[in-house]
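All remarks here apply to the structure that follows.
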């Protein structure tokens with residue numbers, strides 16, 4: 001994947017070697033990890049190296065099942081957004097942002113840009129995302145980006161020893 005989206009606030013770009021350090025530093029926050037599917041805390045440099053390696057490997061595939069973008073602010077991994085479970089016309093969207101960048105409109109802007117990329121460049125017809133019931137800010141981001149609430153999937157996610165409901169949001173083209 002050679003795609004890059006440049007805004008005045010951040011750059012959306014593929015992961016690259018060297019991202020491991022700022023990735024580990026910025027995601028290793030219990031308040032960030034609480035809202036993601038990452039099942040463990042702390043998030044180590046080894047975890048970051050594994051993730052960057054997986055992303056680089058997927059980027060080399062002709063038909064990747066995962067496409068991740070770094071939210072690059074001043075050269076560091078301030079967050080990430082991308083698609084997983086890519087299956088023909090649809091994909092799941094996932095994202096996170098370092099706490100120091102919360103409430104600045106960054107994720108809403110990134111969500112709108114990556115959704116447009118998914119529909120226009122990747123030709124998706126449906127993009128969907130799951131949000132934990134306690135993550136109200138993430139629900140706001142999805143709604144601002146035009147996603148519609150479709151329902152609640154009871155005990156859909158197992159994180160650690162807990163089963164958590166998922167709120168399903170989707171945008172259709």
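Side notes on the structure shown:
- Matching option when the condition is surrounded by 13 or more Cβ atoms within 10 Å (Cβ to Cβ), touching a residue at least 12 places away in the same chain (Cβ under 8 Å) and assigned to a loop (DSSP other than H, G, I, E, B), among 153, 142, 122: 122
- Some residue of segment 42-51 being within 23 Å of residue 112 (Cβ to Cβ) and either touching a helix residue (DSSP H, G or I) at 6+ places or on another chain (Cβ under 7 Å) or at pLDDT 95 or above (or both): no
- Segment 43-54: number of residues that are surrounded by fewer than 16 Cβ atoms within 10 Å (Cβ to Cβ) and more than 24 Å from residue 130 (Cβ to Cβ): 4
- Any chance residue 38 is farther than 23 Å from residue 105 by Cα and in contact with a strand residue (DSSP E or B) (Cβ under 6 Å, 6 or more places away or on another chain): no
- Of the residues making up segment 159-173, those that are at pLDDT below 95 and assigned to a strand (DSSP E or B) are 159, 162.
The values are calculated or read from the model by the stated rules, or taken from the named source; none is laboratory data. Just so it is clear, the model here is predicted, and its values are computed rather than measured. All Cβ positions, glycine included, derive from the backbone under ideal geometry; neighbour counts span all protein chains shown.
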